[in-house]
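Trainee: Dropping a structure here in structure tokens format, bear with me for questions.
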Amino acid sequence: MKNIWSWILIIVISVFVFNNCLQKNVYNEISKDQSFIDKLRSIYSSGNSSTWPKPTLDSKAVPHFSEIGHLPKVEYPLDNPYSSEKALLGKTLFYDPRLSGSNQIACASCHDPELAWTDNKTFSFGHDRQLGSRNAMTIMNIAYATSLFWDGRAESIEKQSHMPIEDLKEMNEHIDIATNKIAKIKGYEILFEKAFGSGKVTKEKIAKAIATFERTLVSPQSKFDKFIDGQSSLFSDNEVMGLHLFRTKAQCINCHNSGYFSNNQFENDGTALLDSKQQDLGRYLVTRNPDDAGKFRVPTLREVTRTGPWMHNGAFTPLRDILTFYNNGSPEAPKKKSTVYQGITLHSKKSEMLRPLNLTVKEIGQLEAFLGTLSTRMQRLTPPRLPE
């Protein structure tokens, strides 16, 4: 009997000691993790990005890489300098549905300031309630894009501004007819006079005015911007770790870099769905280069939590699904990797930078937390009074 009690006592003591050791180890691990996070917080919020940990970059990303940070000052073209009068004219035209064939659809129909200058739809409704074939990208921070649309078919905002007007599914109006309609509206004469020194309405002036207005649509300082400027207490531990993962293990920074959080390049992320009803050849339709089949412009991540659904086809929502998709290496169905288009066999060649990341569920959550710091509060914009 005495031996039994002795053994019980030994077991109890052993369990007690083991639990103490276990708790101590857990505490030490937590303390170690917290120390690491505190160190990262200090470095990233120092105001000096040159002291940040070295980013994990693929060799293919290096030529187009610049460090993430603040948005630079907007540069206006020499042949289309900024003026408040021109921006006001552009804003007015942006909201005017008379540029469309039905006189019911304006640029603002698909780009709502309260929805981060998109419409939060998979595909937008256009002329005659037709559905578009691609998701409407946000035009916020468009001034920093070096090409426009998912396939980059417009080289400038000025060139881009006419395309939705003439698109049969969008506004369905010839630009010359749209220009003549605006020219017949007496109230526009003084707006063009103030903006360009002449009341004459031309399609070139319309393009320049809309482009000038769109270049003013720049995100205010985000939580991220304030944090890296020294407000270290703004970020939670998860947001700090998310920032670090973004630049290292998750390798998001390969494509989403610079203050714009995009390298302005075209990449194939395995979502072209070739040889299916949802097939989209992307950049190939512009360049006719077979290597561009399935490539799309890398979108900005500024305001990302407000601009869903995401991808060129609006296929992903919520944001966690995209992160999981990339964490798995952007898997692409074998049967949707090739197609025959106009007699030419095309193959989807997914970017070599996309590979399984082995992020844990916790790390995916931390990454998502960081992305939230790139978004700002909803903007309210008073629509202009349309001329008569």
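The values are calculated or read from the model by the stated rules, or taken from the named source; none is laboratory data. Just so it is clear, the model here is predicted, and its values are computed rather than measured. In this analysis, Cβ positions are derived from the backbone assuming ideal geometry, glycine residues included, and neighbour counts consider all displayed protein chains. The protein model used for the area step is the full one, side chains on, heavy atoms only, and it has no ligands, DNA or RNA in it. Shrake-Rupley method; radii C 1.70, N 1.55, O 1.52, S 1.80 Å.
Trainee: Tell me, how many Å apart are the Cα centres for region 334-388 and for region 62-129?
Mentor: A separation of 19 Å, based on Cα centres.
Trainee: Probe of 1.4 angstrom, ligands and nucleic acids ignored: what's the accessible area per residue over region 192-265, in square angstrom?
Mentor: On the way: 2500 Å² over 74 residues.
For region 192-265, the solvent-accessible area averages 34 Å² per residue.
Trainee: Please compute the net charge surrounding residue 388, taking Lys and Arg as +1 and Asp and Glu as -1 over other residues with Cβ under 15 Å from its Cβ.
Mentor: +3
Trainee: Calculated from DSSP H runs of 4 or more alone, at -39500 (n - 2.57) each and per residue, what is the 222 nm mean residue ellipticity of the chain, nearest 500?
Mentor: -11000 deg cm²/dmol
Trainee: Right, next: What is the Cα convex hull volume of the chain when expressed per residue in Å³?
Mentor: In the chain, the Cα hull volume divided by residue count equals 193 Å³.
Trainee: Just to check I understand the Karplus step: with θ = phi - 60° and J = 6.51 cos²θ - 1.76 cosθ + 1.60, what whole-Hz values come out for region 132-143, glycine and proline as x?
Mentor: Going residue by residue, I get x, 9, 9, 5, 6, 6, 5, 9, 5, 6, 4, 4 Hz, with x marking Gly and Pro.
Trainee: Give the average over all directions of the projected area of the C-alpha convex hull of region 189-317, one decimal, in nm².
Mentor: Numbers: hull surface 50.4 nm².
Here the figure is 12.6 nm², rounded to one decimal.
Trainee: Given axes a ≥ b ≥ c from the Cα gyration tensor, I'd like to know whether region 106-259 is rounded (a/c under 1.5), prolate (a/b larger than b/c) or oblate. Before the final figure, lay out each step's value.
Mentor: Details: a/c = 2.72, a/b = 1.89, b/c = 1.44.
Since a/c reaches 1.5 and a/b is larger than b/c, the shape of region 106-259 is classed as prolate.
Trainee: Keeping the other protein chains in place, figure out the carbon and sulfur percent of the accessible area of the chain, with a 1.4 Å probe. If you can, show how the numbers build up before the last one.
Mentor: Values: 10980 of 20020 Å².
The computed percentage sits at 55.
Trainee: A follow-up question, please. Residue 350: which lysines have alpha carbons under 18 Å from its alpha carbon, excluding same-chain residues fewer than 8 sequence positions away?
Mentor: Qualifying lysines at Cα under 18 Å: 60, 295, 335, 336, 337.
Trainee: DSSP loop GluC sites (Glu not before Pro) in region 25-114 with at most 12 other Cβ atoms within 10 Å of their Cβ, which ones?
Mentor: Counting only loop positions with at most 12 other Cβ atoms within 10 Å, the GluC sites (Glu not before Pro) in region 25-114 are 75.
Trainee: Nearest-5 percent of antiparallel DSSP beta bridges in the chain?
Mentor: Restricted to the chain, the bridges split so that about 90 percent are antiparallel.
Trainee: Another question, if that's okay. Need one word for region 270-348: rounded, prolate or oblate. Basis is the Cα gyration tensor (sqrt eigenvalues a ≥ b ≥ c); a/c below 1.5 gives rounded, then a/b vs b/c decides.
Mentor: The shape class here is prolate.
Trainee: With all protein chains present, calculate the accessible area of residue 276 using a 1.4 Å probe and round the result to the nearest 10 Å².
Mentor: That residue has around 30 Å² of solvent-accessible surface.
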